[in-house]
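The values are calculated or read from the model by the stated rules, or taken from the named source; none is laboratory data. These numbers come from a predicted model, not from an experiment. Neighbour counts run over all protein chains shown; Cβ positions are idealised from the backbone, glycine included. Each accessible area value is taken on the protein alone, full model and side chains, heavy atoms only, with ligands, DNA and RNA left out. Shrake-Rupley method; radii C 1.70, N 1.55, O 1.52, S 1.80 Å.
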Amino acid sequence: MNNHYPFPLIPLPYDYTALEPHIDGLTMDLHHDRHLKTYVDNLNAALAPYPQYHSWTLEQLLYYADELPKDLQTPVLHNGGGVYNHNFYFAGMSPTSAKAPVGALADSINATFGSFDKFKDAFKTAALSVFGSGYAWLVAEADKSLKIITTANQDTPLPQNVYPLVAIDVWEHAYYLMHYNLRADYIDDWFGVANWDAASALYGQIATS
Ligand code: MN3
């Protein structure tokens, strides 16, 4: 699928109801077909008058946003960030994934945080600490060391020169229908569908210099 203009609405890699009972189908339907679609449509609309950027990848647009025309920078950061973050979030959940990291990522999580359970505690604390809307991420540095970060609104981790491994969207639209205002319960449920197969594979693909 295109990773340049016009950016596609990437279908969910599972059914809307596939993450139940952890995350309900109506939330997934609205989140993907309305929230993400709006970001995709608005990103494409912003880029339409600028054919010189139609070959840029989403990552290039976000990373080099300060090289874009001034009136294009904010629409790209807001909407392109919304596309990047949501694509990462949706791919980072799975009804069939192993429920814990494997291989090198498992070893690194144990070495960094003490155990997978201690990592989960730290990740939950970080996700709860996001004031208002944003995301919590497990990311790797270029040397493959791990850290947990949070981003506000639709900011992405890309400017921090890190490799995202897994992300949780803690905007209220991600959980309000099922979990009401109880973000902590949503985070606990998200751990039941987090795609550790994908995160472990991403970690394994990082080339160390
Ligand atoms: Mn969202």
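Remarks
- Each Cα pair under 8 Å and six or more residues apart adds its sequence gap; the mean of these over the residue count of the chain is a relative contact order of 24 percent.
- With 0.36 nm allotted per residue and the present C-alpha distance subtracted, the residue 152-residue 205 stretch has 16.4 nm of extension available.
- √(5λ) per eigenvalue of the Cα gyration tensor, the chain, largest first, Å: 27, 21, 15
- Remark: the chain carries 47 Å² of accessible area per residue (probe radius 1.4 Å; ligands, DNA and RNA excluded).
- Summed over qualifying helices (DSSP H, 4 residues or more, each -39500 (n - 2.57)) and divided by its residue number, the chain shows a 222 nm mean residue ellipticity of -12000 deg cm²/dmol.
- From the C-alpha gyration tensor of the stretch 115-209, square roots of 5λ in Å: 24, 15, 11
- Label positions at residue 142 and residue 3, each projected 7 Å from the Cα along the C-beta direction, are separated by 1.9 nm.
- Overall, the accessible surface of the chain at a probe of 1.4 angstrom is composed of carbon and sulfur to the extent of 54 percent.
- Pairs of lysine residues in the chain that meet both criteria, 8 or more places apart or on different chains and Cα atoms under 23 Å apart, total 11.
- Gap separating the Cα centres of the stretch 126-203 and the stretch 16-87, nearest whole Å: 17
- Given R0 = 22 Å, the distance between the Cβ atoms of residue 128 and residue 15 translates into a calculated FRET efficiency of 0.15.
- Along its principal axes, the stretch 3-68 has C-alpha extents of 44, 19, 17 angstrom, given from the largest down.
- Computed from the C-beta positions of residue 99 and residue 37 and an R0 of 45 Å, the FRET efficiency is 0.90 to the nearest 0.05.
- Rounded FRET efficiency, nearest 0.05, which uses the C-beta distance separating residue 182 from residue 67 and R0 of 25 Å: 0.05
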